[in-house]
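Participant: Below is the structure I would like to discuss, written out as structure tokens.
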Amino acid sequence: MKIKASFFTKICFVLFVIAAPAGQSVLADDSQEKYVALPPANGLDEENNQAMVNSYGVPFLEGTLPIEERGTTRVDLGGNQVKRIFLLGMTYNKPRPWSHPRDSSMRFFVGDELGKIRLDYADGSTQTFPLVLGEGIWWGLLFYENPEPFPTDARLREALTNSLRLYPPAPVEDGNYVAVIIPRPVPIVSITLEAPLLKHGVPVFNGITIESAENNKIAGAVDLPHGSLSPEFEKFAGEKSLRPLGEDEAAARSRLEDLKYALYTSDENFKGQVTAEMPPGYSGPQVSFQGNIFAGILANAFHYNLQDMLAKVDDTGMYHTSTEGALSGGGYNGFGTFRTNASTYYDTSWSRDMGRSLQELAEFGYTNKVARCADYCLRMARLWEEDPTLKINGVVIPRHWCRMINQPIKDQCYENDGHALTTLSLYKLWQRLPNRDEWLRSRWVDVKGAGDWILWQFDHPEISGAANGVLHTTGESAAGGERSLYADYVCMEALQGLAQMADSIGETASAAQWRERAGKMRAAIESQYVVTDPKYGRTWTLDHAGWPDRVTMLGPLIFPADYRGFAPEDDDPALRPVNEATYQRFIDTHHPLGFYGTAMGYGQGFVTQSALLLDRMKDATQMLDWTAKQIYDPRFGCYIVPEGCQIDPTSGRFWFRTGDLGNGVQEAEIMKALRIMIGVDDTQPDRLQFYPRMPYDWNEMAVEKYPVLFEHSGKMEAAFLRYKLERSAEGMSLEIAADKDFGPVVMRLGPFEKQPEASDIRVNGQNPTGALVEHSGDSWWVKFTTSIGTIE
């Protein structure tokens, strides 16, 4: 039997009475057993085919007893004396915590109290049994559906067995556990079930059976067949009944602490170093980071995630949002275990994930794969013009990209952030193609459609909902609302990139239209989304801010790195104070400093990129350490970025991964953060820059075979760069070269905690001339111009 409680509203409840003559054990002599079902508050309902179920020899009857979230419900026992109470279910219905990462009422960790059972005795005394997660209550179907690593992890099995007072201490197919209460030898007036006051959701009871020490006196009881306890359960019942409040507290806490260390990741798992690794068949750029274990983890993560992103584009050009065969940590409702071979989003191409992943793949030189996927994208965009079922208000909608481009749905039509990110991936590809004019001319109708979709929305506000100079955006980036700063800003950037493409082949009319609209959007963005915070001054509004932590407000800070460059001055100068204030507000209201991984991409990735671009290197150092800790668990040895993480809100000592490994946008945003940190900036190929930002707890960053796009004599060329940047007590030393001569390149090295001398920098064995010492963010830097020559 599996009975689900409706979300937040009820507890499934059944009460059985096993009665026998006074002084006789109903379990010792089956001939004396009498099973009696006590009707729940709403009475037995024969029309609903209430049935008996036998669990390990204990009979339970189906029924329900409503309970409100954070409420109580009371069952009258009529003063019967009870030997034992058996409870079926002992699980919890909880809300999805995705949109409330800072609300501890939506987050659940071992040791949390998730309700109580109170016995009221006839002598006026009471007895309370706390339902502590990991002891008196546990995850039901979630555990069964996501059992790993329980079958292979002896430490976890032992810790759960020692701590859990439910039977069996293992995943069960129907999600129901059985608990036992041994009350005092005093008649019981009532049982009260209490939902927790500090948590959302409700405990779930799918049945209660009572072994009575006297003849049944409960009015309305119904006779039912009896059963016989299994020997294993009889042994459990005698040894591991639910613990009354105040008894065995210290030992219970110790057992729960052991379970936390066995189930979750903690700093205990990060000792020593990791071995440098690359996935089989890897042939991309190579990186090496030194200084602590987290540096080594991120170097390995760079190689594994780049390879994983590449594998998401198949031979047909389709982009798969999830990695084939990837494991999942139970979605956003996970609790620390996982299941293998989930492939959660493998069959769909989410535009947001695809657009960000393709941009990174293009940056790292994988133009063949990106070009193949670009043609797939252009084919999918046409579905809106070819499929008559996709008309809106009877109107054919122009080609574009919605949320899932291979499965277009009308109510996902206006996911403008995904459309713009995919458009920018075309721009990144176009920049790097050796035959880019030919490529663009042959696809101009489709590429033009990407820009004209944004214009169309403004020209048809009665259909699109665009208003006040900004777009109507649906989906997660708008928090399910009506508009999104993030989507509007990236659409503006996409139009600027498209205008460059149009100019390159003489399509100046389109270029002018797109630039004009981008200019209008820039003005509207500032007027519509900037508010005055009483503490921080002019900041980006939190209204309509989507995703965990409402990080879409960081979009205007991080997008310029895709289109303009990595230097602090490459941002929009007029918006710089707004971005800085918004970042500070975010940092001040999130703890612990450095952890933002409820979603790893549009969370940890966004904030880490922001800190790097603002030169807040003390912040960025902690963020990168946390990034490594969330990606990698030394117990399992996997370097693929998870969809998200949850952290213990009370201490921050424990965390676990959620969602699927290799979720496209999550790993792409982490790769972008690492790319910014590495600092090879060819965003504008006619103006190469080198802006590495080495975390304070590292002493070396090095790259080999790193692709660079640069302009030479009016033509685009591709080259490979290598460098090694070392930090020591004497300063910083850089060895850098390429397989082609780049000529003069603006460079900046750092960070330094204290103001350095220009002589503290050496490049290829020499002190660079004309070096300037400057302060930016929370650190000092040395800036200069020098030539990058060919590798000898």
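The values are calculated or read from the model by the stated rules, or taken from the named source; none is laboratory data. Since the model is a prediction, treat every value here as computed from it, not as a measurement. Glycine gets a Cβ as well: all are built from the backbone with ideal geometry, and neighbour counts include every protein chain shown. Each accessible area value is taken on the protein alone, full model and side chains, heavy atoms only, with ligands, DNA and RNA left out. Shrake-Rupley method; radii C 1.70, N 1.55, O 1.52, S 1.80 Å.
Participant: Figure the gain on full extension for K391 and R157 (residue separation times 0.36 nm, minus the Cα-Cα span) and round it to one decimal in nm.
Facilitator: Taking 0.36 nm per residue and subtracting the Cα distance, the gain is 78.8 nm.
Participant: For the modelled label position 7 Å from the Cα of A276 along Cα-to-Cβ, which residues of segment 679-721 have backbone nitrogen atoms closer than 15 Å?
Facilitator: Residues 699-706 qualify, since their backbone N sits under 15 Å from the label point.
Participant: Which lysines have a Cα less than 19 Å from the Cα of K410, not counting those fewer than 8 places away in the same chain?
Facilitator: Within the straight-line cut-off, K410 pairs with K391.
Participant: In the chain, what percent of the accessible surface is made up of carbon and sulfur (1.4 Å probe, ligands and nucleic acids excluded)? Before the final figure, lay out the partial values.
Facilitator: Values: 13870 of 28790 Å².
C and S atoms contribute 48 percent here.
Participant: Still on this structure, please answer the following. Name the aspartates and glutamates eligible as straight-distance cross-link partners of K535: C-alpha to C-alpha under 14 Å, and not fewer than 8 places from it in the same chain.
Facilitator: Reachable aspartates and glutamates: E580, D588.
Participant: What lysines could a cross-link reach from K235, if we take a straight Cα to Cα line under 17 Å and drop same-chain neighbours fewer than 8 places away?
Facilitator: Here the lysines satisfying the reach criterion relative to K235 are K83.
Participant: Counting DSSP beta bridges in the chain, what percent are antiparallel, to the nearest 5? List each step's numbers first, then the result.
Facilitator: Values: 106 of 117 bridges.
If we restrict to bridges inside the chain, about 90 percent are antiparallel.
Participant: Would you work out the charge dipole size for the chain about its Cα centre, treating the Cβ of every Lys and Arg as +1 and the Cβ of every Asp and Glu as -1, and quote it to the nearest 20 debye?
Facilitator: Working: 76 positive and 104 negative charges, 89 e Å.
That gives a dipole near 420 debye.
Participant: Here's another thing I want to ask about it. Within 10 Å of each candidate Cβ there may be at most 16 other Cβ atoms; applying that plus a DSSP loop requirement, which GluC sites (Glu not before Pro) in segment 477-581 survive?
Facilitator: E482
Participant: Now for a different question. As an exercise, identify the trypsin sites (Lys or Arg not before Pro) in segment 254-333 lying in DSSP coil whose Cβ has no more than 16 other Cβ atoms within 10 Å.
Facilitator: K271
Participant: Using Cα pairs closer than 8 Å and at least 6 residues apart in sequence, work out the relative contact order for the chain, in percent.
Facilitator: The value is 11 percent.
Participant: Around C413, under 14 Å between beta carbons, what's the net of Lys plus Arg minus Asp minus Glu among the other residues? Don't skip to the end; give the middle numbers.
Facilitator: Working: positive: K391, R399, R403, K410; negative: E385, D387, D411, E415, D417, E482.
Around C413, the charge tally is -2.
Participant: Here is a follow-up. What number comes out for accessible area per residue over segment 317-452 if the probe is 1.4 Å? Units Å², please.
Facilitator: For segment 317-452, the per-residue accessible area is 33 Å².
Participant: State, to one decimal in nm, how far the label point of R96 lies from the label point of R184, with both points 7 Å from Cα in the Cβ direction.
Facilitator: Taking the two extended label points, one gets 4.7 nm.
Participant: Using +1 on the beta carbon of Lys and Arg, -1 on that of Asp and Glu, and nothing else charged, what's the dipole of segment 628-743 about the Cα centre, debye to 20?
Facilitator: Computed about the Cα centre, the dipole is about 240 debye.
Participant: To the nearest Å, what is the center-to-center distance of segment 257-298 and segment 580-639, using C-alpha atoms only?
Facilitator: Here the two parts' Cα centres lie 16 Å apart.
Participant: A follow-up question, please. Counting only heavy atoms of protein chains, what accessible area per residue, in Å², does segment 68-145 have with a probe of 1.4 Å?
Facilitator: Details: 2650 Å² over 78 residues.
Counting only protein heavy atoms, the per-residue value for segment 68-145 is 34 Å².
Participant: Only residues of segment 84-128 count here: report those whose backbone N is under 17 Å from the spot 7 Å along Cα→Cβ of T72, or say none.
Facilitator: In segment 84-128, the label zone of T72 (backbone N under 17 Å from the point 7 Å along Cα→Cβ) covers 114-128.
Participant: Which whole-number value in Å² is the accessible area per residue of segment 648-792, probe 1.4 Å? Don't jump to the answer; show the numbers that get you there.
Facilitator: Numbers: 5750 Å² over 145 residues.
Per-residue accessible area for segment 648-792 comes out at 40 Å².
Participant: Label segment 49-89 by shape, choosing from rounded, prolate and oblate, from the square roots a ≥ b ≥ c of the eigenvalues of the Cα gyration tensor; if a/c is under 1.5 it is rounded, and otherwise prolate applies when a/b is larger than b/c, oblate when it is not.
Facilitator: Since a/c reaches 1.5 but b/c is at least a/b, the shape of segment 49-89 is classed as oblate.
Participant: Quick one: if the Förster radius is 25 Å, what FRET efficiency do R538 and L772 give, using the C-beta to C-beta distance and rounding to 0.05?
Facilitator: Working: r = 30 Å, r/R0 = 1.20.
With R0 = 25 Å, the Cβ-Cβ based efficiency is 0.25.
Participant: Grab the Cα-Cα distance for D588 and D437, subtract it from 0.36 nm times how many residues apart they are, and report the gain in nm with one decimal.
Facilitator: Once the chain is fully extended between D588 and D437, it gains 49.6 nm.
Participant: If contacts are Cα pairs under 8 angstrom and at least 6 residues apart, what is the relative contact order of segment 57-195 in percent?
Facilitator: 42
Participant: Which order do peptides 715-722, 596-603 fall in by mean Cβ count within 10 Å, highest first?
Facilitator: 596-603, 715-722
Participant: Okay, next question. Which whole DSSP H helices in the chain pass both tests: a Cα extent of 24 Å or more along the axis and a mean Kyte-Doolittle value no lower than -0.5?
Facilitator: Once both thresholds are applied, what remains is 293-311, 485-504.
Participant: Can you give the accessible area of D417, probe radius 1.4 Å, in Å² rounded to 10?
Facilitator: 0
Participant: Can you match volume of the Cα convex hull per residue in Å³ to one of these, (i) 153; (ii) 161; (iii) 181, based on a calculation from the structure here?
Facilitator: Read-out taken from this structure: (iii).
Participant: Sorted by packing (mean other beta-carbon atoms within 10 Å per residue), highest first, where do 610-618, 322-330 land?
Facilitator: Ranking the peptides 610-618, 322-330 by packing returns 610-618, 322-330.
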